[in-house]
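Heads up: the structure comes next, in structure tokens.
The values are calculated or read from the model by the stated rules, or taken from the named source; none is laboratory data. Bear in mind that the values here come from a model prediction, so they are computed numbers and not experimental data. Please note: Cβ atoms are built from the backbone with ideal geometry, for glycine as well, and neighbour counts cover all protein chains shown. For the accessible areas, the whole protein counts, side chains as well, though only heavy atoms, and no ligand, DNA or RNA atoms are used. Shrake-Rupley method; radii C 1.70, N 1.55, O 1.52, S 1.80 Å.
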Amino acid sequence: MRLVIAQMKHETNTFSPVPTPLARFARAAAQPLEGAAVRDAFKGTGTAIGAFIDLADQAGAEAVYPVAGNAAPSAPVDSAAFEAMAGRIVDAVARGCDAVLLDLHGAMVTRAHDDGEGELLTRIRRIAPEVPIGVALDMHTNLFPAMGQLATVIAGYQTYPHVDMYETGARAARPIFSLLNKKTKPTMRFGHRPMLPHVMRQSSLDSPNREIQARAKAMERQGAGKEHARVLAASFFVGFPHADIPYAGSSAVVVTDGDAAKAQALCDELLGMAWDAREQFVYRVEPLEQSLARAKGMGAGSLRPVVLLDHYDNCASGGTMDTMAVLGGILDAGLEEAAAFAICDPQAVEQMKRAGVGARVTLPLGGKMDMPALGLKGRPREVTGNVRRICSGLYRNEGPMARGELADMGPAAVLDTGKVEIAVISRHVEPHDIAAFRALGIEPEKKRYLMLKSRVHWRAGLGPIARAVIECAGEGVCTSDYSTLKFRRVRRPIFPLDPA
Ligand SMILES: [Zn+2]
């Protein structure tokens, strides 16, 4: 048995000014991994491709790894980057295989294609119309029809924060192995509802997504072990709203063993649950001044930190990670015993490296990128502090999210104002793992306040140490205020842009 196993992941924010060249898909290298290096990097990690590798080993299959690339969310993918990665995958399939296992995101837009994943599958199908294709997708998939029509099996994350990447890989791959062994006949149906849930209301730790995902999991248990109409995979995708493309928004996919009507009925049930709960997916924004005033009243006597969530500028949703509105507010309010992760500003890191550890520096921090989609210019803020630490920026996630995977924040430094320790980094990483702080010599659990540029994923690794969270509406391209985003191409009507 010969398998093609590949990863090509990007969540595209069409409002983001952050470019997406091929190098963004790599860690600690200029190019994404290929060949045996993929296996070495992902074997034993809590990722979908990690599960593919394990299952291929267990089946005694021969596997080839044309590419593994995973870029932090940003603007549409450069055509050259897409062609390089898709080309390697298609070439590997063209050399002949029994099945293809793909670890994709599901919300990739390229400079040439609204549906990056659908374009990849179209090219594979052109040369291998019958080959079974199993696809693991992120819960933030914006599902175009091509994906649902061309894949054999689709399974999406059932958790947000995404702590079930490995299990999702297994859910996508197992039906493919059963099909190859002629034990199942995966039959897939998909559908949509015209809704753009706010990301801040999408966590599977909260209603209504908690109940929807629980129902999807229950569907997969139902009929397990019986001969007929087993549910092989059930997925509800909240969708990624910061993408002005026709199929942005919520969708569902259900795969049964040979029963199309059942797959359709269960798919409709998941979509119905989401549509009925659409008002609960709407996030209400609190003005920043009000949030910071509340924060000031909460700091005293705390044993564990209060998280100040700079959620408009989350690099894992396409944020520049260099807006200074929330950090500036924290400095102005005089909050003490605080740490901030992070401001992405390679120039500032260089300046601190030149000054050296222990030096006192004054520099224009952040605000290096304009945000034309919002009509905003980047606004640096002058900050004075001591250079506390300088490091390479490589660390390994402790989990539970993407456990064991290498993370790369690029050359990094800590700027200590005396009240706030500010992590300044050179590559985008979202703080969802405690190792991000520890790599910089910061012990987050000992702080009164933690400013995090994140929305939901911080809860994976840092939720357990937080005493409370205050959501701070700063500045950035993952704003929860849809009225500031100009949607022109998303299909209309769609809730809540158009009241139902
Ligand atoms: Zn996601």
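Some values worked out for this structure:
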{"quantity": "Helix 260-276 vs. the chain, principal-axis angle (Cα, 0 to 90°, nearest 10)", "calculated": "20"}
{"quantity": "Surface per residue (accessible, 1.4 Å probe) for the stretch 219-346, Å²", "calculated": "34"}
{"quantity": "Note, ³J(HN,Hα) from phi for the stretch 19-36, Karplus 6.51, -1.76, 1.60, rounded to Hz, x at Gly and Pro", "calculated": "x, 10, x, 4, 4, 5, 8, 10, 10, 6, 6, 8, 10, x, 6, 8, x, 4"}
{"quantity": "Average accessible area per residue (Å²) across the stretch 417-488 - probe 1.4 Å, nucleic acids and ligands excluded", "calculated": "32"}
{"quantity": "Rounded tilt (10° steps) of 165-180 against the dominant C-alpha axis of the chain", "calculated": "10"}
{"quantity": "Candidate lysines for bridging to K185, where Cα separation is under 26 Å - those fewer than 8 sequence places away on the same chain excluded", "calculated": "K217, K226, K262"}
{"quantity": "Helix 209-221 axis, angle to the chain major axis (alpha carbon atoms, nearest 10°)", "calculated": "30"}
{"quantity": "Share of carbon and sulfur in the accessible heavy-atom surface of the stretch 119-176 [1.4 Å probe, %]", "calculated": "54"}
{"quantity": "Whole-angstrom gap from the stretch 303-319 to the stretch 52-129, using each part's C-alpha centre", "calculated": "31"}
{"quantity": "Volume in Å³ per residue [convex hull over Cα atoms, computed for the chain]", "calculated": "131"}
{"quantity": "Expected 222 nm ellipticity per residue - DSSP helices of 4 or more, -39500 (n - 2.57), all of the chain, to 500", "calculated": "-8000 deg cm²/dmol"}
{"quantity": "For L308, distant residues with modelled amide H under 5 Å away", "calculated": "L450, M451, L452, I470"}
{"quantity": "Amide proton proximity set for G393, modelled H, under 5 Å, gap of 5+", "calculated": "A412"}
{"quantity": "Amide proton proximity set for L376, modelled H, under 5 Å, gap of 5+", "calculated": "M371"}
{"quantity": "Qualifying lysines (Cα of each under 30 Å from Cα of K296; at least 8 residues distant if same chain)", "calculated": "K368, K377, K419, K446, K447, K453"}
{"quantity": "Contact order normalised by residue count of the stretch 1-143, Cα under 8 Å, 6+ apart, percent", "calculated": "35"}
{"quantity": "Packing rank of 357-365, 440-448, where each peptide gets the mean count of other beta carbons within 10 Å, highest leading", "calculated": "440-448, 357-365"}
{"quantity": "Sulfur and carbon atoms: percent of accessible area, the stretch 1-78 [1.4 Å]", "calculated": "53"}
